[in-house]
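Contents: one structure, followed by commentary.
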Amino acid sequence: MINKLETAEYSKVERLFNEVSININCIAVLNGDNDGTIWVNDLTNPTSAFMVDNEFTMYLVGNTKNSQFNQEIGELIRQEIFPPAGKKNDEWVVYYQNPEWETIIKPDFKIVDFFLLRRCFYIFEKLKIANWREKIPENFEMKNIKDILDQKNLVNYDQLSKVLNSEWRSVDDFKKRGFGYALVKNNEEIITRAMADYVTGTIGELGIWTNEYYRRKGFASITVAACVEECQHRGLSLRWHHSEHNVASLKTAEKVGFVLKENYTAILGYFDEYQNLIENSWYKGLYLNEPETGLEYVNRAIEMKKPELSLLSIQAKILVRMKNYLGVVDAFYEMIKLELENPDRFFNNFCLDKDFTEVHKLKEWTEFEKKFYIEFPNLDSN
């Protein structure tokens, strides 16, 4: 039977949560710096524990073989945690250390269609962009987030507010313990921001965001550098996490002076079933290079509802890896039935992608190409 642990008794499970201590929000919960709930298998001598933090992020630690505990936690997740979490978040995640949890979650927890997300954990060591102030462009200004909290008219302020309200108890709590900087253009628009997701003790965890129209310009790195400099003055050590496939985040972390310390895996899923199938098809079919598995998810999504461009794009790339080149052409035909926002860019950037070189050798491709220009006669066929 699962038992809810009282806050005053959290010390009983500190040793268990050392397993996932690189994710500092669970430590913040244990320290009373953030809100969360913990269930254990035994109130006197807990050997298995489950935590849900203030963002509905979940943590599993301890003995993996307590089947009754696992099954009851699974029911708790499905019946009591997922419903409110799905109203707040697009996705759910479980952190753990013991890989046995990966094989248990389907039979014991009755949770399916998740995927194992590879993650990277960094610790800041030495600032490599000490001259970050010199890199601020004209008409831009680096502002302390605490100084712009009343400027609600700033473009992209809603994005900042959402993070504050989801990761911190209150704005006052952030003002007291948090930190962050934003690169602001013309005193009108937040271009990028870097701020503490969590702080507990002398450790802070950093999160970043950049407007998609201003990415790959070095704005994120100088904003992170501003945060790092403040943390050095405050005696805070900084941590950084990102998904393995997020190359931009990796480059920013290393450019500023963070060093990779550990690779780990998290269990991830999406609340929207259709979106979950799409994410599984991409991650398993393309990123993990398991095309047969990826195609299974594509087909399930297509059965659910009329496919959108992103799903058909994944399908085409998976079929290439399976050397089903005729199937790729069929996928192209399905794509041009959709309302393409920019047909010319779609054709040149996607259909002519080098990944489809073998497809371009088929006579069926030539026929498709003719069909494409008939469908969109205003395009330049040169």
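No value in this document is a laboratory result; all are computed from the given coordinates. Keep in mind the model is a prediction, meaning the values are calculated, not measured. Here the Cβ positions follow ideal geometry from the backbone for every residue, glycine too, while neighbour counts run over all protein chains shown.
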The distance between the Cα centres of segment 89-137 and segment 307-382, in whole Å, is 34
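In the chain, what percentage of the DSSP-assigned beta bridges are antiparallel, given to the nearest 5? Please report the intermediate quantities before stating the final value.
Details: 50 of 56 bridges.
So the antiparallel bridges in the chain amount to around 90 percent.
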Note on segment 1-129: the mean projected area of its alpha-carbon convex hull, in nm², is 9.3
Between Ser161 and Glu292, the FRET efficiency computed from the C-beta separation at R0 = 51 Å comes out, to the nearest 0.05, as 0.70
Computed for segment 272-375: size of charge dipole around the Cα centre, +1 on C-beta of each Lys and Arg, -1 on C-beta of each Asp and Glu, debye to nearest 20, value 300
Per the rule of 0.36 nm per residue minus the C-alpha distance, extending Val247 to Thr37 adds in nm 72.2 nm
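What FRET efficiency would be calculated for the residue pair Asn45, Arg169, taking the C-beta separation as r and a Förster radius of 22 Å, to the nearest 0.05?
Working from the Cβ atoms, E equals 0.10.
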In nanometres, the difference between 0.36 nm per residue of separation and the alpha-carbon distance of Glu14 and Arg216 is 68.6 nm
GluC sites (Glu not before Pro) in segment 242-345 lying in a DSSP loop, each with at most 11 other Cβ atoms within 10 Å of its Cβ, come to Glu339, Glu341
Going residue by residue through segment 340-354, the Karplus relation 6.51 cos²θ - 1.76 cosθ + 1.60 with θ = phi - 60° gives ³J(HN,Hα) values, rounded to whole Hz and with x marking Gly or Pro, of 7, 5, 9, x, 5, 5, 4, 5, 6, 8, 10, 4, 8, 4, 4
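Filter the trypsin sites (Lys or Arg not before Pro) in segment 141-215 to those in DSSP coil with at most 16 other Cβ atoms within 10 Å of their Cβ, and list the result. Walk me through the numbers on the way to the answer.
On the way: sites: Lys143, Lys146, Lys152, Lys162, Arg169, Lys175, Lys176, Arg177, Lys185, Arg193, Arg215; in loops: Lys152, Arg169, Arg215.
Loop-located and lightly packed - Lys152, Arg169, Arg215.
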Filtering trypsin sites (Lys or Arg not before Pro) in segment 322-382 by DSSP loop and by at most 12 other Cβ atoms within 10 Å leaves Lys323, Lys337
Stretched fully, the stretch from Met322 through Asp353 gains (0.36 nm per residue minus C-alpha distance, one decimal, in nm) 9.5 nm
The summed charge of the Val29 Cβ neighbourhood (under 10 Å; Lys/Arg +1, Asp/Glu -1) stands at -3
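Restricting to segment 3-112, compute how many DSSP beta bridges are antiparallel as a %, nearest 5. Don't jump to the answer; show the numbers that get you there.
On the way: 12 of 14 bridges.
The antiparallel fraction comes to roughly 85 percent.
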